[in-house]
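Take a look at the structure set out below.
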Amino acid sequence: MVTDTFAEGIETEITVMELNLWYGAKQALKDISVDIPKNSITAFIGPSGCGKSTFLRCFNRMNDLIKSCRVEGDVLVGEDNIYESNVDVVELRKRVGMVFQKPNPFPMSIYENIAYGPRIHGEKNKEKLNSIVEETLKAAALWDEVSDQLDSPALDLSGGQQQRLCIARTLAVKPEIILLDEPCSALDPISTSKIEDLLMELKKDYTIVIVTHNMQQAARVSDYTAYFLLGELTEFGETRQIFEMPREKSTEDYITGRFG
Amino acid sequence: MFSPKTSERIAFAFLTLAIAIVVAFVFTIIFYITSNGIGAISTDFLTQGPKNRMTEGGIFPAIVGTVFLIIGSMAVALPLGILAAIYLNEYAEEGRIVWIIQMAINNLAGTPSVVFGLFGLAMFVKYMGFGASILAASLTLALVVLPVIIRASEEAMATVPPGLREASLALGVTRWQTVRKIVLPIALPGMVTGAILSVGRVAGETAPILLTGAAYFLPRLPTAISDQFMALPYHLFVLATSGTNIAATRPIQYGTALVLLLIVLGVNFVAVMIRRHYKKKMRW
């Protein structure tokens, strides 16, 4: 694997050391080590089945839900090794939020969707909840479109609006990191560009990791890019370098569309 | 053979016929029982006990008995069944043990009700010493409907999209909170349907209660769950087959059947209300 050393003064948010992952007997991730920088957007790219989504799900331990899945190695979020046995996965997932491929708002009102997380985590104050809803909807660039219909069903929104609602819902729990698993693959180009603009805005306050199949998207929004192939991290570096001067032949082949 | 258009028409005709037959049967039964039974219904019929060796008077004790059975068996079967379904659908990991549990539930569902009656007699009436009583009969009926409730609840929970569970868990919400706040509210209408089916079953079952506590005739109402009781289906059976004057009590028999029907329909109505309420709450 080839890794660029970052410029001086770049803080690391997630540190992965020699991570291996198996589904039953099949190894899905092989010996991955990488540092993901804070307050930046890191894109995971690579052909289908290369393990990029699986890797993303290591950061909030969503892989725990799959019985046959086994992980070895260390993942540090901030200072904490999240694969230690005493780690509270529920607490971890408050720190590391996730937005999924298919928009999945709850069958409740727009307001209730956002208030859901804070409420379960103990926020009862109505005014506080109101302000969380307003703030997060504004942060997700959805407020102007829905401010007068907060009580209407979230599922009446368009796909792109639903996905931004899901981002707002994630923000409402106040995470440090936001993981996005192909968040635009079910959306039209206009909705996609809205989400991309939003991510550029959000990286000021959050560390963002995005899995994408869309090469242009990776080039447009990300600061760093990781290219995966067959469960291995083939190349990682600044996005410009990866796209302009990839060091590995297979990275170049993939980026230029020769396979994938 | 036929052209696609003709076979389409023939298929549609058969489907329509099937539905027509089903609907016709339902309405015939309801109409037949209502028209024959309505004459017997009166305030006295609903509030008095049987008189003159059960050839006159009302069916109040049997109504009370059936209502007690519904309450008693549901109080046991609903929590047990729903909790079991939550475990099976939300917590258990696929494997040999779960497979054995599922098989056991399927077999329980296929067991003839008279076998449940015999089990209840041996287990609750004799071994546990509850005697022939509301308690023993309610527990037996709870077993009869348990598989219905578990199946319906499981199916209802299985319709909740997995993405919603993931979304909730990813917000740092525990599994149990996710079950309570997302899965159960969405699954509730389906679970209520299962519960209702089982109320109808409890109200109508005869064999299990016959062996565990239903009385041919009681001069007074039960006052404790350890008492014997009268119940509508058994009362109907007695009047129709071994009463003192079967022909003369025909109107009472139909009246009893009508009351039984109305109780079940009444519960159905409540279920529809509950379902509507929750559909409104969870907005699709």
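The values are calculated or read from the model by the stated rules, or taken from the named source; none is laboratory data. Quick caveat: nothing in here was measured; it's all calculated off a predicted structure. Ideal geometry is used to build each Cβ from the backbone, glycine not excepted, and the neighbour counts take in all protein chains shown.
A few notes on this one:
Matching residues to (1) within 25 Å of residue A:13 (Cα to Cα); (2) assigned to a helix (DSSP H, G or I); (3) within 14 Å of another protein chain (Cβ to nearest Cβ):
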site: A:55; (1), (2), (3): yes, yes, no
site: A:72; (1), (2), (3): yes, no, no
site: A:87; (1), (2), (3): yes, no, yes
site: A:94; (1), (2), (3): yes, yes, yes
site: A:124; (1), (2), (3): no, no, no
site: A:161; (1), (2), (3): no, yes, no
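- Residue list for the stretch A:22-67, restricted to those being touching a Lys or Arg at 6+ places or on another chain (Cβ under 7 Å), farther than 16 Å from residue A:242 by Cβ and touching a residue at least 60 places away in the same chain (Cβ under 8 Å): A:39, A:60
Per-residue answers, yes or no, for (1) within 14 Å of another protein chain (Cβ to nearest Cβ); (2) more than 18 Å from residue B:87 (Cα to Cα); (3) touching a Ser or Thr at 6+ places or on another chain (Cβ under 8 Å):
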position: B:165; (1), (2), (3): yes, no, yes
position: B:171; (1), (2), (3): yes, yes, yes
position: B:174; (1), (2), (3): yes, no, no
position: B:182; (1), (2), (3): yes, no, yes
position: B:185; (1), (2), (3): yes, no, no
position: B:204; (1), (2), (3): no, yes, no
position: B:213; (1), (2), (3): no, yes, yes
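- Listed by position, the helices (runs of 4 or more DSSP H) contained in the stretch B:140-237 that have at least 1 residues being buried (at least 23 other Cβ atoms within 10 Å of the Cβ) are B:162-170, B:184-204, B:207-210.
- For the stretch B:93-110, taking the residues that are charged (D, E, K, R) and within 13 Å of another protein chain (Cβ to nearest Cβ), the one that is farthest from residue A:64 (Cα to Cα) is identified as B:94.
- Residue match in the stretch A:231-250 (condition: under 30 Å from residue A:117 (Cα atoms) and small (Gly, Ala, Ser)): no
- Of the criteria (1) part of a helix (DSSP H, G or I); (2) farther than 16 Å from residue B:137 by Cα, which one residue B:54 fails: (1)
- Of all residues in the stretch A:82-103, those satisfying the criterion of being surrounded by 14 or more Cβ atoms within 10 Å (Cβ to Cβ) and more than 25 Å from residue A:159 (Cβ to Cβ) are A:82, A:83, A:87, A:89, A:90, A:92, A:94, A:95.
- Test: residue in the stretch B:49-65 that is assigned by TED's automatic domain parsing to the domain that holds residue B:198, of a type in the set (Val, Ile, Thr), out of contact with any Cys (no Cβ under 7 Å at 6 or more places or on another chain) and within 30 Å of residue A:66 (Cβ to Cβ): no
- The stretch B:238-267, residues that are among the hydroxyl-bearing types (Ser, Thr, Tyr) and either in a helix (DSSP H, G or I) or out of contact with any Ser or Thr (no Cβ under 8 Å at 6 or more places or on another chain) (or both): B:241, B:242, B:254, B:256
- Of the criteria (1) closer than 27 Å to residue A:162 by Cβ; (2) surrounded by 16 or more Cβ atoms within 10 Å (Cβ to Cβ); (3) away from every other protein chain (no Cβ under 14 Å), which one residue A:37 fails: (1)
- The number of residues in the stretch B:238-263 that are out of contact with any Lys or Arg (no Cβ under 7 Å at 6 or more places or on another chain) and surrounded by fewer than 19 Cβ atoms within 10 Å (Cβ to Cβ) comes to 10.
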